[in-house]
There are 2 protein chains.
Amino acid sequence: MDSGRKFKVVKGDSLERVRTGAPENLPERFAHRALGMQASEIRSLFAVASRPEIVSLAGGMPNLSALPMQMMASVTEKLISENGAEALQYGNGQGHPRLREQICDVMALEGIRAHPDDVVVTTGSQQALDLISRIFIDPGDVVLVEAPSYVGALGTFKQYEASVVHINMDQDGLIPQALANAIKSIKASGRKIKFLYLIPNYQNPAGVLLPADRRTEILDIARREGIFIVEDNPYGLLGFEKPSPNAMRASDSENVIYLGTFSKTIAPGLRVGWALVPQSLKDKMVIASESSILCPSNFTQLVISNYLANQPWRDQITSFAKLYKERRDAALSALDKYFPKNATWTKPAGGFYIWITLPPEIDTNALMPKAIAAKVAYVPGTAFYADGFGSWSLRISYCYPTVERITEGIKSLAGVIKSEMEARQIN
Amino acid sequence: MDSGRKFKVVKGDSLERVRTGAPENLPERFAHRALGMQASEIRSLFAVASRPEIVSLAGGMPNLSALPMQMMASVTEKLISENGAEALQYGNGQGHPRLREQICDVMALEGIRAHPDDVVVTTGSQQALDLISRIFIDPGDVVLVEAPSYVGALGTFKQYEASVVHINMDQDGLIPQALANAIKSIKASGRKIKFLYLIPNYQNPAGVLLPADRRTEILDIARREGIFIVEDNPYGLLGFEKPSPNAMRASDSENVIYLGTFSKTIAPGLRVGWALVPQSLKDKMVIASESSILCPSNFTQLVISNYLANQPWRDQITSFAKLYKERRDAALSALDKYFPKNATWTKPAGGFYIWITLPPEIDTNALMPKAIAAKVAYVPGTAFYADGFGSWSLRISYCYPTVERITEGIKSLAGVIKSEMEARQIN
């Protein structure tokens, strides 16, 4: 029946791929939504940018140097020794009940009163974005986002064939009047708006904070217009000078879908995030998640649960915030010192990012290869727009490199920008 | 700006949910695909079935009693102590390169020659099903599956609004001629067939094995008709008497999308599976996965990678197979001893499941509450059909309970079925 079983171990580099001929008419065989799934040029650039000699101000990788590794190692060792049969088994599709209770405690720090039954644990908050898109977006539906907005959210909305509309921001985040105007004109054109996606705290990529009064105004507009708010809050506990205002979800439990994550307060490699959803959406979220991944990992959920139960996690978040504040300070000093006077940038009070605006003649996509040649990487502004805007902006993140490397990287980048300005005779 | 921050810790049971009024016109606000996302009656039954006094022959939970927990604990402890900065960080969207190489070694056991560049690591193979559906299925597209087929796959295909068509099986799995006939008639009706989904080894739920000659015939038909094959292989290494035939992917690298998982050979709580895809699909799979979860967990991937590198994992799989064989033997003995003579069942040569067919007057959905009252649970046959068929069939799984409990559960179930037959005067 099977005399030819091969136990030979094959290694990637030495293996010639066996080809049996590519299928015919492949493009016609994909779903419509898959036609836009194309590898982009920027992806290849980032592969280059991850080389160690390059100062990467591009990625948003948390800095784990403040995480007590020996303690994490002992938490996991103990978990498997004492509770391996549960930790390594399939779990609840909605997430582990004990962790869902603890998540409510974490959210209470930002004024949220939540019930564990309304929490759905996800594989990072990216999965929550995917599930929400799946539940709400028919092709052509409008999703409102900040201008600029998080690249990962834009990618997901695009995959569900949403029509993404950016709403203007200023130094204080989304402008309520701009939101009201956009809704009016979109509705007048007969299109359906499904939700407003925003990051109120230390926004990615703009680094700005939405003040409490604007939160109230935006909540009122959304509720009046029958539009859900998706409040994405990865950085809320990472404020540098004072706590961030209460979460928007704190004052509206029925019209706000709240997304949280342990990626920035503990560690992203565990891939544990969550959605706190209105009761009316809970069943659909769980069913969508089961269809997508069956259940989140009991193992990584219980690592986090045991960490929260036994370690001083609030102090740990304070250590992270201190580490990021030092880096933010270094980045702002270097920008002041080296950057040309006709560039402007945001001054984040928390989180990971600074948004830089250059004179409109500068194309930050075209500038990337030159920056990489000068051993520094950033993310061009167009990545944060669904509509091609943003070509004279860029995002830098100060979260990961050392203070010295941040200073060095910003100095190099300033040099590249100044050369470009001289070449184009911009003063 | 924020004088009212609440640090009060709230606990689930004592918390009254704050209600601000449910949104209006909610059903109109969902995507079309979300209308079918409804909690089913069977879900509530399974919640009851998980009570400890019930012998559950329902779930497909692997039996982790054969897993050396102390060793797993030490693998994870060492991983974080020595390589925590990588293990707990964001990772590669396609999966960790080292694990992708090792996955090729695992697949070589079933005759597959693969390149690590064509492997996409997923959050369990359920996520691979989701990604494939996303890439291929437009609403109304036809997906071919075995009759019966895996309930989790059917759920995902439904979520992407596929039209699922079941193809007849017998004791040797999918019948090639039935496949050819179905394709002909579907094509004649003008509908598009996207892929054939099947589980060749110890099928879930039927427990049958597809022999090598049928594999070849099915591969030929699919290639000729321009239909991808999705080969789902969770149980291939868990054969009891002899190795399973080579994977279908071993003889066709361009028209077969192969799904694997460590859930049954190591542990499901790690949520690590993979897809081995034709080169022509790789970019789309990675982009779809990034949009869905950003990246799989570096932590759980590296636990598996270190386990594979340093532990006798082939011997461990042999131990698992031995454990399941004992339980299969106990289940078949109990069926022979206690079940009525007008019931028939499959005799699995590997894997977790037995498919039982009763006289057509018996409704296995209606029987479930009576079974639970008799302290035994199973899965009614209709769960494994997209079209309501299967009402006089059921699936039992022998993987998880002890030999004694399996015998006791099957005896109780036989009693319930015999009573039902007497009440209906079936001989």
Please find, within segment B:262-303, the residue that is surrounded by the fewest Cβ atoms within 10 Å (Cβ to Cβ) out of those that are within 21 Å of residue B:133 (Cβ to Cβ) and of a type in the set (Ser, Thr, Tyr). B:280
Residue B:111 passes all but one of (1) within 7 Å of chain A (Cβ to nearest Cβ); (2) surrounded by 20 or more Cβ atoms within 10 Å (Cβ to Cβ); (3) within 18 Å of residue B:301 (Cα to Cα); which number fails? (3)
Checking the conditions here, which among A:2, A:13 is at pLDDT below 65 and more than 7 Å from every other protein chain (Cβ to nearest Cβ)? A:13
Condition check: more than 22 Å from residue B:131 (Cβ to Cβ) and surrounded by 24 or more Cβ atoms within 10 Å (Cβ to Cβ). Does residue B:215 satisfy that? yes
All-but-one check, residue B:387 against (1) within 22 Å of the chain's Cα centre (by Cα); (2) in a helix (DSSP H, G or I), failing number (2)
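Matching residues to (1) over 30 Å from residue B:241 (Cβ atoms); (2) at pLDDT below 85; (3) over 32 Å from the mean Cα position of the chain (by Cα); (4) facing chain B (nearest Cβ under 10 Å):
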position: A:23; (1), (2), (3), (4): yes, yes, yes, yes
position: A:38; (1), (2), (3), (4): yes, yes, no, yes
position: A:41; (1), (2), (3), (4): yes, yes, no, no
position: A:52; (1), (2), (3), (4): yes, no, no, no
Just name the residue that is farthest from residue B:159 (Cα to Cα) out of those in segment B:34-59 that are among the polar types (S, T, N, Q) and assigned to a loop (DSSP other than H, G, I, E, B). B:50
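How many residues does segment B:263-283 contain that are charged (D, E, K, R), in contact (Cβ under 8 Å) with a residue 60 or more places away in the chain and either part of a loop (DSSP other than H, G, I, E, B) or within 7 Å of another protein chain (Cβ to nearest Cβ) (or both)?
2
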Can you pull out the residues in segment A:32-55 that are in contact (Cβ under 8 Å) with a residue 12 or more places away in the chain and either hydrophobic (A, V, I, L, M, F, W, C) or closer than 18 Å to residue A:382 by Cα (or both)? A:36, A:37, A:42, A:45, A:46, A:48, A:49, A:54, A:55
Scan segment A:209-221 and tell me whether some residue there is touching a residue at least 40 places away in the same chain (Cβ under 8 Å) and small (Gly, Ala, Ser). no
Please specify each residue of segment B:104-128 satisfying the condition of being farther than 21 Å from residue B:251 by Cα and part of a loop (DSSP other than H, G, I, E, B). B:123
Could you tell me whether any residue of segment A:344-355 is free of Cβ contacts under 8 Å to residues at least 60 places away in the same chain and more than 27 Å from residue A:167 (Cβ to Cβ)? no
Count of residues meeting criterion [surrounded by fewer than 22 Cβ atoms within 10 Å (Cβ to Cβ) and either hydrophobic (A, V, I, L, M, F, W, C) or without any contact (Cβ under 8 Å) to a residue 12 or more places away in the chain (or both)] in segment B:171-186: 9
Test residue B:162 against the stated conditions and say whether it is more than 18 Å from the chain's Cα centre (by Cα), surrounded by 23 or more Cβ atoms within 10 Å (Cβ to Cβ) and farther than 30 Å from residue B:374 by Cα. yes
Can you confirm whether residue A:119 is touching a His at 6+ places or on another chain (Cβ under 9 Å) and more than 8 Å from every other protein chain (Cβ to nearest Cβ)? no
Residues of segment A:60-103 being more than 8 Å from chain B (Cβ to nearest Cβ) and not in a helix (DSSP H, G or I), in sequence order, are A:60, A:63, A:68, A:92, A:93, A:94, A:95, A:96
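Rundown of residues vs (1) more than 10 Å from every other protein chain (Cβ to nearest Cβ); (2) not in a helix (DSSP H, G or I), yes/no style:
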{"position": "A:260", "(1), (2)": "yes, yes"}
{"position": "A:291", "(1), (2)": "no, no"}
{"position": "A:296", "(1), (2)": "no, yes"}
{"position": "A:301", "(1), (2)": "no, no"}
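The values are calculated or read from the model by the stated rules, or taken from the named source; none is laboratory data. Note that the coordinates shown come from a computational prediction; the quantities given were computed from them, not determined experimentally. Note: ideal-geometry Cβ built from the backbone for every residue, glycine included; neighbour counts use all protein chains shown.
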